[in-house]
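Single-structure report; data block below.
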Amino acid sequence: MKNKRNRLKIISDILRSSVVGSQEELLKLLKEQHCEITQPTLSRDLKVLKVAKTPLSNGTYKYVLPSYNKPLPPPSANTLNGSLANGVIVSLEFSQQLAVLKTKPGYASAIAWDIDNKASDYILGTIAGDDTILVVPREGVEREVVVEIMNDIFGETKAV
């Protein structure tokens with residue numbers, strides 16, 4: 001087994017370069033890198049790296065590393081793209097400055113995690129249920145910017 005710092009780097013490299021959907025799969029990939037660890041150690045390492053599972057368009061999940069300070073393009077349109085997360089996101093509606101994002105059942109937490117980790121400069125936070133996310137923009141962030149953030153993270157669809 002390699003030291004923890006090297007092990008975390010190897011795990012990060014694997015997650016950046018491969019689609020990994022389970023700890024068993026990740027353990028196998030680590031073994032191929034001559035880094036044999038136990039499942040409990042891997043679980044702790046994933047927690048240290050703040051790895052999360054996010055849904056894929058085919059209904060499966062993959063492990064993702066958090067992305068910090070990802071620059072967002074300037075706002076340009078009041079539409080989110082038609083293939084938004086391949087149909088996982090159903091709608092985006094506003095009430096004053098608050099946004100309500102509807103998803104397919106079971107996807108809200110993963111999508112809220114993406115929003116919280118990729119748009120923290122613009123979004124104060126989210127509250128997720130099973131299929132609904134309350135998106136709270138930071139003070140002064142316009143609806144169009146929220147729509148553009150969703151475009152950047154997930155692709156485009158129409159905001160209502």
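The values are calculated or read from the model by the stated rules, or taken from the named source; none is laboratory data. Computed from a prediction, not measured in an experiment: that's the story for all the values here. As a convention, Cβ positions derive from the backbone with ideal geometry for all residues, glycine included, and neighbour counts pool all protein chains shown.
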Revision key, fill the gap. Expected output for region 138-153 (first residue polar (S, T, N, Q), partner part of a loop (DSSP other than H, G, I, E, B), Cβ below 8 Å, 6+ apart or cross-chain) is Asn151/Ala77; Asn151/Leu80; Asn151/Asn81
Review point. Taking region 105-128 on its own, how many of its residues are charged (D, E, K, R) and at positive phi?
Key: 0
**Study point:** Among (1) out of contact with any helix residue (DSSP H, G or I) (no Cβ under 7 Å at 6 or more places or on another chain); (2) at pLDDT below 90; (3) not in a loop (DSSP other than H, G, I, E, B), the one test that Asp114 misses
**Key:** (1)
Practice item. Could you please let me know if Asp121 is in contact with a helix residue (DSSP H, G or I) (Cβ under 8 Å, 6 or more places away or on another chain) and in contact (Cβ under 8 Å) with a residue 12 or more places away in the chain? Key: no
Check your understanding: Out of Lys50, Lys28, which single residue is under 16 Å from the mean Cα position of the chain (by Cα), of a type in the set (D, E, K, R) and at pLDDT 85 or above?
Key -> Lys50
Review point. Which of the residues that make up region 1-32 are over 16 Å from Thr60 (Cβ atoms) and surrounded by 15 or more Cβ atoms within 10 Å (Cβ to Cβ)?
Key: Lys2, Arg7, Leu8, Ile10, Ile11, Ile14, Leu27, Leu29, Leu30
